[in-house]
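The values are calculated or read from the model by the stated rules, or taken from the named source; none is laboratory data. Keep in mind it's a predicted model, so treat the numbers as computed, not measured. Here the Cβ positions follow ideal geometry from the backbone for every residue, glycine too, while neighbour counts run over all protein chains shown. The protein model used for the area step is the full one, side chains on, heavy atoms only, and it has no ligands, DNA or RNA in it. Shrake-Rupley method; radii C 1.70, N 1.55, O 1.52, S 1.80 Å.
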Amino acid sequence: MPLVLVWVVFVVLRQRGERTAQTQKAEAHAAGLTQPASLHPVIDPTTCIGCGACVRACPEGRILGLVNGKAELVEPANCIGHGACAQACPMDAITLVFGTAERGMDIPHVGPDFQTNVPGIYIAGELGGMGLIRNAIEQGRQALGEIAKHKAPAAPGAVDVVIVGAGPAGFAAGLGAMEKGLSYVIVEQETLGGTVSHFPRGKLVMTAPVTLPIYGKANFRETTKEALMEFWEKVVADTGLQINFEERVTAIEPDGDGFEVTTTAGTHRGRAVLLTIGRRGTPRKLGVEGEEQSKVVYRLTDPEQYQGQSVLVVGGGDSAIEAATSIAELPQSDVTLSYRSAAFSRVKPKNRKKLEAAEADGSLNVILGSNVKKIDAAHVEIEQAGDMTRLPNDAVIVCAGGILPTAFLKSIGITVETKHGTA
């Protein structure tokens, strides 16, 4: 009898889990959230035995689920490439791939040693498809280890490695260079942390315990952006890691046995170059009159700085909706969301609900099928179906994505491949 009871409980829980997974899958498809943004699993249904090990292994919760006895990626857009599912599968039924048949993903050619098709130039982190903080840190550490294997000394006046970017991968690589006694230069066009430093204030950051060169183990799992940045700044201060901030790379050219890296501040010569830049590249601009004003920004950092202001948010993705709804919650704020399409097609359900609630209570004005035509000091002009609307305005937040650094990579000679569901 006890065995029968255990079996009944197992079956009930299994059926409940499958119903939940089917609901998640249906909601994702209804919201148009069917395309993974980065590395993601593809499950072979002929090999999968439906044990659920991959579902339980996913650190992000129920991104995977069992549907009709087989594992499926039920929330594709929320998958951020941990890869724990593939490691947990006892049948090797999971392959980690980039892109899908419907949406290709541009990925630079990178070998197992993180070296590109240009000998001496390496890539780690988000640019190579690894956007997860933990994975980026680990890749930065490993890539530096590969660079250190090449014992040839740097030429006079050159360093062993020029690291481009001070996000998680570049930060870890710099510490790795110090640990291995390599000379290095880190150039960062903005601030420490890269993309992470521009997350909205108070945003929860999912990471995992990692081991930083020199410093040791960092036991973060779920923390805030501010706490993570404070920790990284402490590591920099404690280790003496040197970073050249506000220095943007404009060109990389062969120079004897190494490379000359030209930046907005001068030139650096290195035996090797490690690129740890993000995939977002340069923010996509509107290309309209008045966009050069200081009141126009391309990301939301702190919603409260816009309290009591008339704000225009431009875009139709989750970042635009999160920005618009968070500012709309503030007292005496006047917020308009402009989107060029007729409907929001790729929005997480929770953001869609917040948007609908804000629009219903009048705290957010949504103008679909619209385009910004002009930005004045105190107004914006928006065109919709041939009609022009002029609105009071104190600030404009453009959330239109970024221009991938494909042209920059190709100018260096790095091959960029478009992946359609391949490893």
> Which of the trypsin sites (Lys or Arg not before Pro) found in region 86-170 are loop residues per DSSP with 16 or fewer other Cβ atoms within 10 Å of their Cβ?
Replying inline: R103, K151
> Under a straight-distance cross-link criterion of Cα-Cα below 25 Å, which lysines are reachable from K295, leaving out those fewer than 8 residues away in the same chain?
Replying inline: K203, K225, K285, K373, K374
>> For the chain, give me every cysteine whose Cβ has no other Cys Cβ within less than 4.7 Å, ordered by residue number.
In response: C48, C51, C58, C79, C89, C399
>> Per DSSP helix of 4 or more residues, -39500 (n - 2.57); summed, then divided by the residues of the chain. What does that give at 222 nm, rounded to the nearest 500?
In response: -8500 deg cm²/dmol
> So, in Å, what gap is there between the alpha-carbon centers of region 292-369 and region 160-197?
Replying inline: 34
>> Given all pairs of different Cα atoms, what value in angstroms does the Kirkwood hydrodynamic radius of region 112-176 take?
In response: 12.0
> Where does region 317-361 land on Rg/Rh, using Cα atoms and the Kirkwood Rh?
Replying inline: 0.94
>> Given N residues in region 150-285, what is its alpha carbon radius of gyration divided by 2.2 N^0.38 Å?
In response: 1.10
> Which whole-number percent is the relative contact order of the chain (Cα, under 8 Å, 6+ apart)?
Replying inline: 16
> For the chain, which whole percent of the accessible surface, found with a 1.4 angstrom probe, sits on carbon and sulfur atoms?
Replying inline: 52
> Relative contact order for region 1-140 using alpha-carbon pairs under 8 Å, separation at least 6, rounded to a whole percent?
Replying inline: 23
>> What number does region 319-423 give for Rg over Rh if you use C-alpha atoms and the Kirkwood radius?
In response: 1.09
> Kirkwood Rh over Cα pairs of region 236-358 into Stokes-Einstein at 20 °C, 1.002 mPa s: D in µm²/s?
Replying inline: 117
>> Distance between the C-alpha centers of region 218-273 and region 102-157? Whole Å please.
In response: 14
>> Run the numbers for V6 and D257: contour at 0.36 nm per residue of separation, minus the present Cα-Cα distance, in nm.
In response: 83.6 nm
> Over region 277-389, what relative contact order in percent results from Cα pairs under 8 Å that are six or more residues apart?
Replying inline: 24
>> Report the gain in length on full extension from S341 to R19: 0.36 nm times residue separation, minus Cα-Cα distance, nm rounded to one decimal.
In response: 112.6 nm
>> Please compute the alpha carbon radius of gyration of region 1-154, then divide it by the globular-protein estimate 2.2 N^0.38 Å. Two decimals is fine.
In response: 1.29
> Ignoring ligands, DNA and RNA, what accessible area per residue does the chain give at 1.4 Å, in Å²?
Replying inline: 48
>> Which order do the peptides 175-185, 159-169 come out in when sorted by mean C-beta neighbours inside 10 angstrom, highest first?
In response: 159-169, 175-185
> By the scheme Lys and Arg +1, Asp and Glu -1, what is the net charge of all other residues having a beta-carbon under 11 Å from that of T263?
Replying inline: -3
> Restricting attention to region 60-136, which GluC sites (Glu not before Pro) occupy a DSSP loop and are surrounded by at most 12 other Cβ atoms within 10 Å?
Replying inline: E102
> Dipole size in debye (nearest 20) for region 269-420 around its Cα centre, Lys and Arg Cβ +1, Asp and Glu Cβ -1?
Replying inline: 1100
> Considering amide H positions built from the backbone, and no H for Pro or chain starts, which residues 5 or more places from T224, or on another chain, come under 5 Å of its amide H?
Replying inline: V205
> Short version: ³J(HN,Hα) in whole Hz for each residue of region 39-52, in order, from phi by Karplus 6.51 cos²θ - 1.76 cosθ + 1.60 (θ = phi - 60°), x for Gly and Pro, what are they?
Replying inline: 4, 7, x, 10, 9, 7, x, 6, 9, 4, 9, x, 6, x
>> Return the Rg/Rh ratio of the chain with Cα-based radii and a Kirkwood Rh.
In response: 1.00
> What is the distance, in nm, between label points placed 7 Å from the Cα along the Cα-to-Cβ direction at D44 and at D376?
Replying inline: 6.5
